[in-house]
Amino acid sequence: MKKLIILGCGGFVGSHLIDRLLASGEYHIEGWDISFDKIAQHRENPNLSFHQRYINADTTFEEIEPYIADAEAVISLAAICTPAQYVSSPVKTIHSNFIDAYALIDLCAKHKSWLMHTSTCEVYGRTLSSYVPTDDYDDPDLYEQREDETPLIMGPSKNHRWSYATAKQLFERYIFAHNSENGLPFTIIRPYNWFGPRMDFIPGRDGEGVPRVLACFMTALLDGKPMQLVDGGDAYRTITYIDDAIDALQKMLEGPKNSRDQVFNIGNRGGEVTMKGLAHLMRELAAEITGKESFLSHPIEDITGNKFYGEGYEDCDRRVPDISKAESLLGWRAKTNLRETLRITMADYFERYGRD
Ligand SMILES: NC(=O)c1ccc[n+]([C@@H]2O[C@H](COP(=O)([O-])OP(=O)(O)OC[C@H]3O[C@@H](n4cnc5c(N)ncnc54)[C@H](O)[C@@H]3O)[C@@H](O)[C@H]2O)c1
């Protein structure tokens, strides 16, 4: 039985990863999180030991260290990762994504333990195309992101929107620093909008605050409120189905020779859509899933980023992953198209939360 550590095991990605790894019967997992709700079905599984604790660099790592020394891999998922919090709570965001977590890198380097870290495609920040005087996106060099070449372009420090991306970027740089000075084995994963069942929460039902866009649009559909398009909804995202993403993580775990000391974009190039396009598609699918035609005309309204998120909001304009490294080294590419990803995900939300 291979021993793994998963920090943030109770979140959206963690819950899907735990389902997959426990089903394989090959792993014993030591998991840390503050909440166990999304993996409650595994509570009695002898191959999962759950440590219900807030991870903090000053206190928790002493307790984690003996497990690190012994683990096949340490998978780090714990983070604040909702855009609303980057702007409203930048101190907490930077703590969560760097200060509370950097000691993990020190310890993995000390024990030469393999650190698999979920970073984010947000580390790329804005694209070059957003700064050149043209509206057309015909030249892929201006918007496609290659792990080891593309510059990371952040907005001004006064705009808290970048608190998350810069903390994640520093975390990556600290991993690279320990790799070259101390031989830390690592894999950095840059997820591109992984969507699926159990993502985030519906405010007022099983959580409070402003979730990521999928749950924001679902809340509007479930509660009969307008879907709000931030700054016109022109920003592009590439939506990737969570099962495909978990395939990639599993391939990395099973093929360390090809996945160690690499950064991987994990995203579905074919799943690209603007936020406006996403809202329209979700209305259509809500009607299809529930059989209620009224969803086709569900209200959509515009709102500014500063009003929706708070002062200091700006957006990444477009993210298209170059996935040639994942294809050649892992044999991975996304299999599930955008419509199917949303259909499965939304059907799960409707089933879990119902309407009215
Ligand atoms: N889902 C995506 O599309 C996406 C995109 C980009 C990056 N990521 C990255 O992937 C990782 C997992 O994302 P997710 O979507 O599962 O997020 P999530 O919010 O669903 O899960 C994160 C989990 O970490 C836990 N956590 C956070 N800080 C903690 C702490 N200090 N101590 C203990 N537990 C803590 C939370 O309770 C939560 O269960 C994150 O690092 C995130 O930045 C995800």
Self-check item: Hits in segment 26-47 - residues which are within 14 Å of the ligand (Cβ to nearest atom) and either assigned to a loop (DSSP other than H, G, I, E, B) or among the hydrophobic types (A, V, I, L, M, F, W, C) (or both)
Solution: 32, 34, 35, 36, 39, 40
Quiz item: What about residue 16, is it in contact (Cβ under 8 Å) with a residue 60 or more places away in the chain, buried (at least 16 other Cβ atoms within 10 Å of the Cβ) and farther than 30 Å from residue 305 by Cα?
Solution: yes
Quiz item: When the residues of segment 76-106 are filtered to those that are free of Cβ contacts under 8 Å to residues at least 60 places away in the same chain and outside any helix (DSSP H, G or I), which remaining residue is farthest from residue 170 (Cα to Cα)?
Solution: 89
Quiz item: Is it the case that segment 114-134 has a residue that's closer than 24 Å to residue 17 by Cβ and more than 16 Å from the ligand (Cβ to nearest atom)?
Solution: yes
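Here's the yes/no breakdown for (1) without any contact (Cβ under 8 Å) to a residue 60 or more places away in the chain; (2) within 16 Å of the ligand (Cβ to nearest atom); (3) out of contact with any Ser or Thr (no Cβ under 9 Å at 6 or more places or on another chain):
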| site | (1), (2), (3) |
| --- | --- |
| 159 | no, no, yes |
| 163 | no, yes, no |
| 169 | yes, yes, no |
| 177 | yes, no, yes |
| 184 | no, no, no |
| 189 | no, yes, no |
| 193 | no, yes, no |
| 200 | no, yes, no |
| 204 | yes, no, no |
Self-check item: From 57, 23, 109, residue being surrounded by fewer than 19 Cβ atoms within 10 Å (Cβ to Cβ) and not in a loop (DSSP other than H, G, I, E, B)
Solution: 23
Exercise. Could you look through segment 68-81, keep only residues that are modelled with pLDDT of 95 or more and within 15 Å of the ligand (Cβ to nearest atom), and pick out the one that is nearest to residue 92 (Cα to Cα)?
Key: 79
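Out of all the residues in segment 303-314, is one or more at negative phi, crowded, with 16+ Cβ neighbours inside 10 Å and among the β-branched types (Val, Ile, Thr)?
Kept after step one, since they are at negative phi, are these residues of segment 303-314: 303-309, 311, 313-314.
If we keep only those that are crowded, with 16+ Cβ neighbours inside 10 Å too, we end up with 305, 308-309, 313-314.
Okay, now just the ones that are also among the β-branched types (Val, Ile, Thr), so none.
No - not one qualifying residue is present in segment 303-314.
The values are calculated or read from the model by the stated rules, or taken from the named source; none is laboratory data. On a predicted model such as this, the values are computed, not experimentally measured, just so you know. Backbone-built Cβ (ideal geometry, glycine too); neighbour counts: all protein chains shown.
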